[in-house]
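Below is one structure; the comments refer to it alone.
The values are calculated or read from the model by the stated rules, or taken from the named source; none is laboratory data. Quick caveat, the model's predicted, so the values are computed rather than measured. Cβ atoms come from the backbone with ideal geometry, glycine included; neighbour counts cover every protein chain shown.
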There are 2 protein chains.
Amino acid sequence: MQTEISIKRVTPRIPGGFPEYLPKEQILFNRMFATIRSVYERFGFLPLETPAVEFTGVLLAKGGGDTDKQVYRLYAKSDSADKGDAEEPAADSNGATEKKTAFIDTGRSLHFDLTVPLARYVAQRFNDLVFPFRRYQMQKVWRGEGSQKGRFREFYQCDIDVIGTTSPLVDAEIPSIINTVFEELGLPAYTIGVNNRKILNGVFATFGASKQVSKDALTMLDKIDKIGKDSVTAGLCDLGFTAEQTAQLMNIIALRGEPGEVFVQLQANGVDNELFSEGVGQLKLVVEAMQAFGVPKGKYCLDLSIARGLDYYTGTVYETTLNDYPAVGSVCSGGRYDNLCEYYIDKNLPGVGISIGLSRLFYQLKDIGFFQGDVTPISRLMIAIADPSARQYAMTMAAQFRQHGVNTEVYWEDGKLGKQVKYAQRLGIPYVAVLGGNEMTNGTVALKVMSTGSQTQSTFQEALQIVSADLN
Amino acid sequence: MQTEISIKRVTPRIPGGFPEYLPKEQILFNRMFATIRSVYERFGFLPLETPAVEFTGVLLAKGGGDTDKQVYRLYAKSDSADKGDAEEPAADSNGATEKKTAFIDTGRSLHFDLTVPLARYVAQRFNDLVFPFRRYQMQKVWRGEGSQKGRFREFYQCDIDVIGTTSPLVDAEIPSIINTVFEELGLPAYTIGVNNRKILNGVFATFGASKQVSKDALTMLDKIDKIGKDSVTAGLCDLGFTAEQTAQLMNIIALRGEPGEVFVQLQANGVDNELFSEGVGQLKLVVEAMQAFGVPKGKYCLDLSIARGLDYYTGTVYETTLNDYPAVGSVCSGGRYDNLCEYYIDKNLPGVGISIGLSRLFYQLKDIGFFQGDVTPISRLMIAIADPSARQYAMTMAAQFRQHGVNTEVYWEDGKLGKQVKYAQRLGIPYVAVLGGNEMTNGTVALKVMSTGSQTQSTFQEALQIVSADLN
């Protein structure tokens, strides 16, 4: 067939920050995705998926911060069938004399996280949900970030939240979920760090700090890994803490070791404050629970320096790091908050949640060489046709293998056997069934084991047994 | 905790055409999604996921049609970190004196199907792919449609394509894939209709029709279910066909019955044309293959009236309908095309593919009452805590059940046993393990079977066996 010369071609490329993989990588990515989902379900979380698109006004209800700058707005042609449904007129109403713009603001935008859509969903469906509402949500989100290495504008978040609960036992269960996910993903050595904001806020309170100063102090402490201890010390003094208070704070957040000892030292600090005591009590419960849930000792630590950036956390906070790759930062974070839906309904909905930034984690794991060795391929078996007369036999055989759950493809192209086997090799397919006139006559398959090169005449049942031997 | 009065609340709502489900529906949707994916993989298709966002110029490379009007453009605040990378300046360059617009066109848009991104991907990654390239892709797409009932602006498409093959055996395998998907989804009675455009195009050619008239005639025939036989007859005459030719065409597309008989009658029509014969030959092969693959007789039909709307199909075409719900239209369609990537690279890449519009199918299945009976819940077991002293025991038990692959949640809230059991009931969780002081002392669980209400003291092993009895 001849290509028409009149076609004006466009260079095939994608914008930066929007990741895309080759099939072998996609298989790895999907398996990680499936593992996370499977663990979330094993802990009884219900699936939820919200539209990628929300009303801009709903997304930005909270306001403040850089969110507004990061949101991608959806525009449509002014003669589109979708007339948009902005909550407020998108354009100036006095623009009648101006040239009509070709694109109109539809009043909708791409979500930038899964927490705001969750809050909107829970507020909207409040009467249809069973509380405590345990939900997981694994979707892409979009942010108009700069285009540095490893920064994504489109990426997956894998979130769980339990909504409508104040029970610290729910906080206590979370590290067990993180541990199970990371264990089943087979990640390199990691540490689940836990803390409770009430402890630091309690200390701030005894220092007479206002609510705002407490917030600023947490933000300052959260930067310690980036800007260093000295800058944080200086920053705390700038916020009005005395040198003595700052020293006491720095001592507290530096406490490490066996949880039991840390608690002893923490309480020896002489802080007498209700919030502080509540925080310590809840943190103790979380630590006890990790033991009851069987989280191994080396996999978690009590880290009083964990503050987290987001200001809506009010209690337990989590941060998970890879021991040998501190530069990667936290790969699973979260915490407890007091009121999920306050910008949408007048109901108190406290909860606790965590998020795994899968696209970023996947990128970083690739970067540190985590994915070694062969990728498990999709097809378990390729059927090669050695003689055109065996085509119908190949169809029947393929159908039989598939009926027994074996992922099977047939090489349908005309081509020498060598070329066919080469295709299987390139895709890493472990078995090839060669079918020709002989096999058709005898009702057998010539089964080739790609790893050894050995080939044996087998009945279908024999071949099935070999091919599905190490399948679940 | 008191709600702050100063918060300005926004009504929680979502725009029309962007579907969202309650958890019970989401579970059903996800199971359908997983079934389709599992079948696609069983037939050896590789996973692919492309970004939701592409360069607008790449998406619209083909041009023409209503696509341009349906595409959602991404705009960002002009002070966003994402400066955009439009291929051409988005605004007039002589607009220096005008007020600077607050939002800029990033030069990117949401994809409106998965075929254009596939074409871009294959063109861009040509040297890294193994051909024939068998890929599946199951993602959301976005279209600025009007907001009629059942019309979605955000919806899932579940596509497979085989790229870089002219073998009619690949066409012949497709109906077996469709049949396996629909069988495993447990859909109500359906018919996989097959045709080959070469047959009708061959007939048009013997009538002396130009390429354009042939295209228009196919488009006309595609409308027969919507506008009726008479209007199509009139339309064909308007295109320049004689009354006799039109009558012959209408006779051909009305042929029904056993494939063997249809072929006899078709060839008795006296059409002598190479394209026609090629089409008939390929269609015969498809029908024979369906038998070899084990597609049951009642599940497919040869339907010479199938034309399909898209003009890029050149050979085999597929359309699947629900026998008892003709108004639903085709729920799985596709066909063979000559050149996937012609707008991106100068390589001939013929292929064949199909698409299942899952969001639409799901909506329609709900509409016809397909989803009856109980939804299989996520959690298999809920642990109820009858006595606070049993909390640690509950944690240990939960961990054990989960280690054995049982989806397990614990009711952590304080609350009477009745309230706890009620929660399990509302979520449809089939088993409840009640744990109190007794159970803790004896290392047992009081296992309640929700369907019967019976409760028995069991060892962990006994309980595990009961709870996981009918799991795979």
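For region A:437-447, what are the residues that are under 13 Å from A:ALA386 (Cα atoms) and in contact with a helix residue (DSSP H, G or I) (Cβ under 8 Å, 6 or more places away or on another chain)? Let's see the steps before the verdict.
Residues of region A:437-447 under 13 Å from A:ALA386 (Cα atoms): A:437-440, A:445-447.
Across region A:437-447, the qualifying residues are A:GLY437, A:GLU439, A:MET440, A:VAL445, A:ALA446, A:LEU447.
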Notebook entry, point to check: Between residues in region B:120-133 that are facing chain A (nearest Cβ under 7 Å) and residues that are small (Gly, Ala, Ser), which pairs lie under 6 Å by C-beta distance while being six or more apart or on different chains?
Noted result: B:PRO132/B:GLY164
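Okay, residues lined up against (1) within 12 Å of chain A (Cβ to nearest Cβ); (2) in a helix (DSSP H, G or I); (3) of a type in the set (Val, Ile, Thr); (4) under 22 Å from the mean Cα position of the chain (by Cα):
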| position | (1), (2), (3), (4) |
| --- | --- |
| B:VAL264 | no, yes, yes, no |
| B:ASP272 | no, no, no, no |
| B:GLY281 | no, yes, no, no |
| B:SER330 | no, no, no, yes |
Next item on the list: Mind telling me which of the residues A:ALA390, A:ALA384, A:ALA307 ends up being buried (at least 20 other Cβ atoms within 10 Å of the Cβ) and part of a strand (DSSP E or B)?
Entry: A:ALA384
Notebook entry, point to check: When the residues of region A:345-370 are filtered to those that are within 14 Å of chain B (Cβ to nearest Cβ) and of a type in the set (Gly, Ala, Ser), which remaining residue is surrounded by the most Cβ atoms within 10 Å (Cβ to Cβ)?
Noted result: A:GLY351
Check: So which of A:ALA81, A:ALA90, A:ALA86, A:ALA119 ends up being of a type in the set (A, V, I, L, M), surrounded by 15 or more Cβ atoms within 10 Å (Cβ to Cβ) and at pLDDT 95 or above?
Finding: A:ALA119
Checklist line | Restricting region B:335-374 to residues that are assigned to a strand (DSSP E or B) and small (Gly, Ala, Ser), the residue that is nearest to B:SER451 (Cα to Cα) | finding: B:SER355
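Can you go through B:ASP225, B:ASP161 and tell me which one is under 23 Å from B:ASP113 (Cα atoms) and of a type in the set (Asp, Glu)? Spell out the reasoning first.
Details: B:ASP225 fails: under 23 Å from B:ASP113 (Cα atoms).
Of B:ASP225, B:ASP161, the one residue that is under 23 Å from B:ASP113 (Cα atoms) and of a type in the set (Asp, Glu) is B:ASP161.
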Item checked: Leading residue by the ranking (nearest to B:GLY315 (Cα to Cα)) among those in region B:221-250 that are part of a helix (DSSP H, G or I), touching a helix residue (DSSP H, G or I) at 6+ places or on another chain (Cβ under 7 Å) and in contact (Cβ under 8 Å) with a residue 24 or more places away in the chain -> B:LEU221
Margin query: Anything in region A:259-304 that is modelled with pLDDT under 90 and touching a strand residue (DSSP E or B) at 6+ places or on another chain (Cβ under 9 Å)? List them, or say none.
Written below: none
Checklist line | Checklist (1) among the β-branched types (Val, Ile, Thr); (2) more than 26 Å from B:TYR21 (Cα to Cα); (3) within 14 Å of chain B (Cβ to nearest Cβ) applied to A:VAL162, failing item | finding: (2)
Checklist line | Residues (of a type outside the set (Val, Ile, Thr), more than 22 Å from A:GLY281 (Cα to Cα) and touching a helix residue (DSSP H, G or I) at 6+ places or on another chain (Cβ under 6 Å)) located in region A:180-201 | finding: A:GLU184, A:LEU185, A:TYR190
Notebook entry, point to check: Among A:VAL141, A:VAL162, A:VAL203, A:VAL181, which is touching a Pro at 6+ places or on another chain (Cβ under 8 Å) and of a type in the set (Val, Ile, Thr)?
Noted result: A:VAL162
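Considering only region B:126-139, I want to know if a residue exists there that is under 30 Å from B:THR242 (Cβ atoms), in a helix (DSSP H, G or I) and out of contact with any helix residue (DSSP H, G or I) (no Cβ under 8 Å at 6 or more places or on another chain). Give the derivation first.
Going through region B:126-139, the residues under 30 Å from B:THR242 (Cβ atoms) turn out to be none.
No; the residues of region B:126-139 include none that is under 30 Å from B:THR242 (Cβ atoms), in a helix (DSSP H, G or I) and out of contact with any helix residue (DSSP H, G or I) (no Cβ under 8 Å at 6 or more places or on another chain).
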Notebook entry, point to check: With B:ARG308, B:ARG380, B:ARG360 as the choices, which residue is among the basic types (Lys, Arg) and within 30 Å of B:VAL467 (Cβ to Cβ)?
Noted result: B:ARG380
Next item on the list: State which residue pairs qualify: first residue under 14 Å from B:THR320 (Cα atoms) and within 12 Å of chain A (Cβ to nearest Cβ) and inside region B:283-308, second residue buried (at least 20 other Cβ atoms within 10 Å of the Cβ) and modelled with pLDDT under 95 in any location, beta carbons under 9 Å apart, and separation of 6 or more residues or different chains.
Entry: B:VAL295/B:ALA289
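Can you give me the number of residues within region B:332-344 that are in contact with a Lys or Arg (Cβ under 7 Å, 6 or more places away or on another chain) and more than 7 Å from chain A (Cβ to nearest Cβ)? Before you say what the answer is, go through the steps one by one.
Of all residues in region B:332-344, those in contact with a Lys or Arg (Cβ under 7 Å, 6 or more places away or on another chain) come to B:333, B:335, B:341, B:343-344.
Okay, now just the ones that are also more than 7 Å from chain A (Cβ to nearest Cβ), so B:333, B:335, B:341.
Result for region B:332-344: 3.
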Checklist line | Selection from region A:32-44 of residues that are in contact (Cβ under 8 Å) with a residue 60 or more places away in the chain and more than 7 Å from chain B (Cβ to nearest Cβ) | finding: A:MET32, A:PHE33, A:THR35, A:ILE36, A:ARG37, A:SER38, A:VAL39, A:TYR40
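Residue-wise test of (1) outside any helix (DSSP H, G or I); (2) among the acidic types (Asp, Glu); (3) surrounded by 18 or more Cβ atoms within 10 Å (Cβ to Cβ); (4) touching a residue at least 24 places away in the same chain (Cβ under 8 Å).
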{"position": "A:ASN179", "(1), (2), (3), (4)": "no, no, yes, yes"}
{"position": "A:LEU187", "(1), (2), (3), (4)": "yes, no, no, yes"}
{"position": "A:ILE192", "(1), (2), (3), (4)": "yes, no, yes, yes"}
{"position": "A:LEU200", "(1), (2), (3), (4)": "no, no, yes, yes"}
{"position": "A:PHE204", "(1), (2), (3), (4)": "no, no, yes, no"}
{"position": "A:GLN212", "(1), (2), (3), (4)": "no, no, no, no"}
{"position": "A:ASP216", "(1), (2), (3), (4)": "no, yes, yes, no"}
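Can you pull out the helices (runs of 4 or more DSSP H) entirely within region B:393-472 that have at least 1 residues that are within 8 Å of chain A (Cβ to nearest Cβ), in contact (Cβ under 8 Å) with a residue 12 or more places away in the chain and farther than 27 Å from A:GLU288 by Cβ? Spell out how you get there, then give the answer.
Working: elements: B:417-427, B:437-442, B:460-467.
Passing ranges, in order: B:417-427.
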Note to self: Criterion first (β-branched (Val, Ile, Thr), at pLDDT below 95 and part of a loop (DSSP other than H, G, I, E, B)) does B:THR50 satisfy it?
What the structure shows: no
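Yes/no per residue for (1) touching a residue at least 40 places away in the same chain (Cβ under 8 Å); (2) over 22 Å from B:GLU25 (Cβ atoms); (3) under 24 Å from the mean Cα position of the chain (by Cα):
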| position | (1), (2), (3) |
| --- | --- |
| A:ILE7 | no, yes, no |
| A:ILE14 | no, yes, yes |
| A:GLN26 | no, yes, yes |
| A:ASN30 | no, yes, yes |
| A:LEU48 | yes, no, yes |
| A:LEU59 | yes, yes, yes |
Next item on the list: For B:LYS229, state whether it is out of contact with any Leu (no Cβ under 8 Å at 6 or more places or on another chain), within 30 Å of B:LYS297 (Cβ to Cβ) and exposed (fewer than 14 other Cβ atoms within 10 Å of the Cβ).
Entry: yes
